[in-house]
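Structure first, then comments.
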């Protein structure tokens, strides 16, 4: 009996997961465990690399050093750049396929991610951060967490929507473990990876987030949260400068994203081989580290120090410029990582600078510096990463202050609105835009690409030769039999569409041919066209039906598609997505 059960266990488990959402929650818990373990492993590996390469002692953090050996820093970053460049060159030749991140996977591919491709990204991120480049590990955390979830979901053959949900669970577990903040991880998944919130998605995402942070707390010696002492109240009059700071942070985030793009473009236009660019970027970042080591690596320790230290206005402004340059150069030259933590650090410093300017101009402490720092941290991170509620919960879990969280919510919403109206993208979706992808969020639009003309067209199509007489045409196609007929030439190439009603309304003339009443002679559909492209073709041609040809060159007719049927299929799919989102 036991042997028989083990033999059928995989099929039984798959059936349970597909039949009952409770088992999907159980699967999400395993995703959370995997995500927490992955975050711990990546954090430990980079810390060991920092200790070995930069001579750190104990649990010291690289970005928390007061000073650093300049020669060593430049040598490590330059050598590390060569390693990253060589590995990237090798990986591109071995695996030429571009890795898909969680947002793109959920938006276009129904949650399907390649674990092998993701491991390449994770390795590049580990090397980049381990050698001290100014990049965050958060992109690697979410990549591996979501990829593991996608692999597990495909092993159980879950439905498309459930697979997308599991990818979000992987990202939630990773972020919650990285920041010791389960609510932050959960809403990161809702806002950025799943693209929506519903009661159906709540339980799996929250369970994965709680499981991930629990695993991290059990096995990690370091808890990467922040100790921030926030005031118990915030005066209403302070909201005006807080909202002004939010708008400044939004503009700062846009400049940071533009700066990364500009740096990439400069390196691309240079004659430096792609494998050597990270080494040049490493030398530049190493030079910046001579001024302040806080520009190195992710910057967890740098952020804590920056929040507590009584920096002068000049020092704060210097740190903002240095960290911005280091992040742009690191990413632009070819190091792999994200801007999540860089945006937190730059935003916090911008908030402290804003508070100092207020004191300098008004000769009074208008808004506490810690309030401005947390607001700036959240608002700038929203402009770069997206997710206003994600940052609001990060502020709440970091400070435990509800009044400060309310201020952060207001600032985050204004920052998101400012970026949306002036720029239109987060950093991730901006990169998609540069590649030509029209992705604004993780909301599933991949079904539109799957719903192609080839899948919708009617393949049984009667055709008629263009040189057929109208009298013969009327005899073969009486009124009411069909609406339009596809017309081809003597080599079976498409010539146009003939309307049956128009043929019967034409005057009796034995010499008149079908070719004299053709419509849509140049407008055709191709089988690989999406529903969106097909509807655009119908609107442009102002036609109720269009022929489908295999290629424009051959012109061989393989089907017919009516506008009415295409719109009905489109409407049905939209209704199905609406029901999925609402949990029906």
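The values are calculated or read from the model by the stated rules, or taken from the named source; none is laboratory data. Since the model is a prediction, treat every value here as computed from it, not as a measurement. Because the Cβ atoms are built from the backbone with ideal geometry, glycine has one as well, and the counts that use them run over all protein chains shown.
Remarks
- Boolean, residue 514 is touching a residue at least 12 places away in the same chain (Cβ under 8 Å), within 13 Å of residue 548 (Cα to Cα) and not assigned by TED's automatic domain parsing to the domain that holds residue 106: no
- All of 126, 210 fail the test of being within 30 Å of residue 280 (Cβ to Cβ), surrounded by fewer than 24 Cβ atoms within 10 Å (Cβ to Cβ), assigned by TED's automatic domain parsing to the domain that holds residue 53 and more than 18 Å from the chain's Cα centre (by Cα), apart from 126.
- Looking only at the stretch 69-100, residues that are surrounded by 22 or more Cβ atoms within 10 Å (Cβ to Cβ) and part of a loop (DSSP other than H, G, I, E, B) come to 1 in all.
- If you go through the stretch 471-488 and keep only what is exposed (fewer than 14 other Cβ atoms within 10 Å of the Cβ) and over 17 Å from residue 460 (Cα atoms), you end up with 475, 478, 479, 480.
- Given (1) without any contact (Cβ under 8 Å) to a residue 40 or more places away in the chain; (2) farther than 24 Å from residue 278 by Cβ, index of the condition residue 91 fails: (2)
- For the stretch 141-180, the set of residues classified as under 17 Å from residue 394 (Cβ atoms) and in a helix (DSSP H, G or I) consists of 141, 142, 171, 172, 173, 174, 175, 176, 177, 178, 179, listed by residue number.
- Residues satisfying the stated conditions in the stretch 533-558, i.e. on the phi > 0 side of the Ramachandran plot and surrounded by 12 or more Cβ atoms within 10 Å (Cβ to Cβ): 555
- Residue 183 in the same structural domain as residue 131 (by TED's automatic domain parsing), touching a residue at least 12 places away in the same chain (Cβ under 8 Å) and within 22 Å of the chain's Cα centre (by Cα): yes
- Set 125, 142: member being closer than 20 Å to residue 260 by Cα and modelled with pLDDT of 90 or more: 125
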